[in-house]
1. Out of curiosity, is Ile247 within 19 Å of the chain's Cα centre (by Cα), among the β-branched types (Val, Ile, Thr) and over 18 Å from Ala40 (Cβ atoms)?
2. Quick one: in the range 173-190, of everything that is more than 21 Å from the chain's Cα centre (by Cα) and polar (S, T, N, Q), which residue is surrounded by the most Cβ atoms within 10 Å (Cβ to Cβ)?
3. Restricting to the range 119-166, count the residues that are without any contact (Cβ under 8 Å) to a residue 60 or more places away in the chain, β-branched (Val, Ile, Thr) and within 23 Å of Glu181 (Cα to Cα).
4. For Leu36, only one of the following conditions fails: (1) closer than 26 Å to Thr257 by Cα; (2) in a strand (DSSP E or B); (3) touching a Pro at 6+ places or on another chain (Cβ under 8 Å). What is its number?
5. Looking at Leu193, Leu197 in this structure, which one is part of a loop (DSSP other than H, G, I, E, B) and either closer than 22 Å to Ser89 by Cβ or not hydroxyl-bearing (Ser, Thr, Tyr) (or both)?
6. List pairs: first in the range 341-353 and among the basic types (Lys, Arg), second part of a loop (DSSP other than H, G, I, E, B), Cβ under 7 Å, 6+ apart or cross-chain?
7. Would it be correct to say that Leu87 is in contact with a Phe, Trp or Tyr (Cβ under 6 Å, 6 or more places away or on another chain), without any contact (Cβ under 8 Å) to a residue 40 or more places away in the chain and within 30 Å of Glu184 (Cβ to Cβ)?
8. Sort out which residues of the range 250-292 are acidic (Asp, Glu) and without any contact (Cβ under 8 Å) to a residue 12 or more places away in the chain, and write them in order of number.
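The values are calculated or read from the model by the stated rules, or taken from the named source; none is laboratory data. Note that the coordinates shown come from a computational prediction; the quantities given were computed from them, not determined experimentally. Please note: Cβ atoms are built from the backbone with ideal geometry, for glycine as well, and neighbour counts cover all protein chains shown.
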Amino acid sequence: MSHPVFSWKQGAFLADFHVHSHYSRATSPDMHPDVLNRVARQKGLSVIGTGDFTHPGYLKELKETLEPEGTGLYVCRDDPEGTKFILSSEISNIFTQGGKNRRIHTVFLAPDLEVVEEIQRRLAAIGNITSDGRPIFGFPVKELVRIIMDVSPDCFVIPAHIWTPWFSLFGAKSGFDSLEECFEEQSEHIFALETGLSSDPQMNWRLSALDRYTLVSNSDAHSPSRLGREANCLSCRPTYEAIVSAIKDPAKGFEGTIEFFPQEGKYYCDGHRACGVCMHPRETIEHGGRCPVCGRGLTVGVLHRIEELADRPEGFVPKTARPCVHLIPLEEIIAEALGVRSITGKVKKEYLRLIQIGGPEMGILLWKSEEELRQFVPDRILEGIRRMRKGKVHISPGHDGVYGKVSLFSREENLPGYGSRGRQEDAVQLDLF
């Protein structure tokens, strides 16, 4: 049986628009276009963002490595039939507005390298674009939108990981209560919102104010293996113009998203990492927002923030909703099935064997039938895929910068020493489909 929610349309493809280069802080030195191309092909991603187009050093690398395809997208010179690249970059704005310190991250897409060069020129005149692949500016984010849209109205703006506490549109620590409050007169340029790893569309559907925006999901990958952990499915032509048009109007080819289990995101619940405290919003309220161990303020997570702003009950599905599925990366399923860490050579060897026989990872996780998988997938790994497709997972939720832990097998079923996704002392089984 293929995934029960997400069907494959003729000509559909997967895209991951938000990634980083090796010039960004805390990223792998392997984040080069040629490596991204190779891993994206293994994953089954047809289009990926370049990431970090604001950085002069990385732009030089992009020019040396990529060539235009004539559609507003680019391909590697050494592999013109490979993954297509869309010019993308994330930018950070830290500023004061409404008497509060704000920290907002935004992803921008650009139609060609000439536009990127002009964006670089304008941003270099008002800030430092060489210190980090994700540059930081000290003026309101609405001014950044104005600057980039003045360069080209064909650029596309996506507020990034909109619920993350520290750096986002609605974040508890530095965000706003509405998009219009943040972007003011520049709100007219916003057509899509990135849900982030700690939320999924179902959570965002609880806010009626978000109905007019397309909910997109991206990996925000800092290493090649993280590509596609969240992604978008489109059925439009794979061109810059068609992709932007489909995101603006999903009826033109935006089919849905691939999601992390949001409980695994590192800001899903409230908590205090230093004290090992993780709380549901109602517990946080009972404790007056304070850590019961040390008395300091808890970091309010995504679930809590959505509860504060929601005007709909859990389970509400708007008419405009697009389907989404929750996945666990194949390497992590293999690791748990084998009882080893996901970074081991044993896992990599089995992963490469499976995709060599069965094709790209996403096809194995999403669309191949159980009968097809049984021909080349070992029983325990197949059982892990089956449980993932049904949402039969055990989750210890993330909080205060600590990723949650997800497992597919109970403690009694796990092999001694299994490790990559951790053992859960108080795991909760979620039937999401």
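1. For Ile247, the condition - within 19 Å of the chain's Cα centre (by Cα), among the β-branched types (Val, Ile, Thr) and over 18 Å from Ala40 (Cβ atoms) - is met.
2. Filtering first and then ranking leaves Gln186.
3. 7
4. Going through (1) closer than 26 Å to Thr257 by Cα; (2) in a strand (DSSP E or B); (3) touching a Pro at 6+ places or on another chain (Cβ under 8 Å) one by one, Leu36 breaks only (2).
5. Of Leu193, Leu197, the one residue that is part of a loop (DSSP other than H, G, I, E, B) and either closer than 22 Å to Ser89 by Cβ or not hydroxyl-bearing (Ser, Thr, Tyr) (or both) is Leu197.
6. Arg341/Gly419; Arg341/Ser420; Lys346/Val340
7. yes
8. Glu286
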